[in-house]
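Q: One structure, as structure tokens, below. Some questions next.
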Amino acid sequence: MDAAPRLRADDLLVLLAVARSGRYTAAAAHLGVDHTTVARRISALEDAIGGRLVAQTGSGWELTALGRQAVDTAGRIESALTQLAGAGDDHDPISGVVRMSATDGYSAYIAAPAIAALRRTHPRLSVEIVTVTRRAAAHRPGLDIEVVVGAPQSQRAQGVELGAYTLGMYASREYLDREGVPTDAAELMRHPLVYFVDAILQVEALDLPRRLVPEMVDGLSSTNVFVHVEATRAGAGIGLLPCFVADRHDDLVRLLPDEFDEQLPYWMVVRPESLRIPAVAAVADALRAETVAAAAMLAGRH
């Protein structure tokens, strides 16, 4: 009788690399092997566990339900190996890699300074940030922390509200000199809007123009808030922008602040098992503290 396939920790780490990248080729490049080796290791792992771990989609490889369970185990193995590699008299438990996602503005002005300060006392900590604007998921493979706009929709996702930020209408001084300054909402809606691409907007809380300015025509749309800001500065139209990003530019003027003053919440989603990792808990605490300290800035009162 043939022996049962052997479950190998190394194969779990290969699966973890595939989960993070979504592609065999990218995982292979990260691991320093070729993609056929990755495919062979995943196949061996599926034989050992007894079920499909990944499924091919149009955008790459996605985890099955069984694959998500396996990746949870793989993450704990990676964390344990990272901590063991740095063990010694001067071992700092806040070390290794923490992976998070957040919106563009939050990543730049909240997460970046929070992590920079944390690393000054924990230099063995490394943080990877994926900038994206999307709803929270109950399980996002390969991520330890997600910062999203709006409360998580899934009942299985456990989150904490970090704070709120304000959006307002802005235009460049040059644009207003050329096109005139709107004196009310009706006049403002005759101008083109700079905002997110409506057709692929994934966050319900950001679907504001339908309610606020339903008659505005899209002038320039993008998935990146910094493109919104620069397009507004260049005169592409009137931008619905986070105040804490737009107010950094003296050439932008906020319009009708009494009528357009929308507060949206930031939420942080962390899996309970991830919080048992000291590095993840430290990053989560740093993000909470930085968000509280920046409350006035986020509200557009700095």
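Q: Using amide H atoms built 1.01 Å from N in the peptide plane, name the residues 5+ places from Met189, or on other chains, whose amide H lies under 5 Å from its own.
A: none
Q: Another question, then. Would you calculate the convex hull of the Cα atoms in the range 9-78 and tell me its volume per residue in Å³? Write down the numbers at each step before the final one.
A: Details: hull volume 5.1 nm³, N = 70.
With only Cα atoms used, the range 9-78 gives 73 Å³ per residue.
Q: Sticking with this one: Taking 37 °C and 0.692 mPa s as the conditions, I'd like the Stokes-Einstein D for the range 222-284 in µm²/s, using the Kirkwood hydrodynamic radius from alpha carbon pairs.
A: Working: Rh = 14.6 Å.
Approximately 226 µm²/s, per Stokes-Einstein.
Q: Quick one: 3J(HN,Hα) in Hz for the range 24-38, Karplus 6.51/-1.76/1.60 with θ = phi - 60°, rounded, Gly and Pro as x.
A: 5, 5, 5, 5, 5, 4, 5, 8, x, 10, 8, 5, 5, 5, 4
Q: Also, I was wondering about something else. Among Val147, Tyr175, Gly51, pick out the residue whose Cα is farthest towards the positive end of the charge dipole of the chain, where Lys and Arg carry +1 and Asp and Glu carry -1 on C-beta, about the Cα centre.
A: Result: Gly51, furthest along the dipole toward the positive end.
Q: Once amide H atoms are built 1.01 Å from N in the peptide plane, which residues 5 or more positions from Arg23, or in another chain, come under 5 Å H to H?
A: Here the answer is Trp61, since their amide H atoms fall under 5 Å of that of Arg23.
Q: Related question: Given +1 on the Cβ of Lys and Arg, -1 on the Cβ of Asp and Glu, and no further charges, what dipole in debye does the chain carry about its Cα centre, rounded to the nearest 20? Provide the component values of the computation, followed by the final result.
A: Details: 29 positive and 38 negative charges, 187 e Å.
My answer is approximately 900 debye.
Q: In whole angstrom, and with the biggest value first, how far do the Cα coordinates of the chain range along each principal axis?
A: 83, 46, 35 Å, listed from the longest principal axis down.
Q: Report ³J(HN,Hα) in whole Hz for each residue of the range 97-111, in order, from the Karplus equation J = 6.51 cos²θ - 1.76 cosθ + 1.60 where θ = phi - 60°; Gly and Pro get x.
A: So the Karplus estimates, Gly and Pro as x, are 9, 10, 10, 9, 10, 7, 5, 4, x, 5, 4, 6, 10, 10, 5 Hz.
Q: For the range 158-265, what Kirkwood radius comes out of the mean inverse Cα-Cα distance, in Å? Walk me through the numbers on the way to the answer.
A: Values: mean 1/r = 0.0715 Å⁻¹.
14.0 Å is the Kirkwood radius here.
Q: Counting DSSP beta bridges with both partners in the range 163-264, what percentage is antiparallel, nearest 5?
A: Beta bridges within the range 163-264, antiparallel portion: roughly 70 percent.
Q: Here's another thing I want to ask about it. Rounded to the nearest 5, what % of DSSP beta bridges with both residues in the chain are antiparallel?
A: 65 percent
Q: If you average the alpha carbon positions of the range 225-302 and of the range 30-75, how far apart do those two centres end up, in angstrom?
A: When both Cα centres are located, 36 Å separates them.
Q: Amide H to amide H under 5 Å from Val130: which residues, 5+ apart in sequence or cross-chain, H placed 1.01 Å off N in plane?
A: Excluding prolines and chain starts, which carry no amide H, the hits are Met100, Ser101, Ala102.
Q: Counting only helical runs of four or more DSSP H residues, what would the 222 nm mean residue ellipticity of the chain come to if each run contributes -39,500 (n - 2.57) and the total is spread over all its residues?
A: For the chain, the value works out to -11000 deg cm²/dmol.
None of the figures in this text is laboratory data; all of them are computed from the coordinates on show. In this text the structure is predicted, and so the values were computed from the model without any measurement. In this analysis, Cβ positions are derived from the backbone assuming ideal geometry, glycine residues included, and neighbour counts consider all displayed protein chains.
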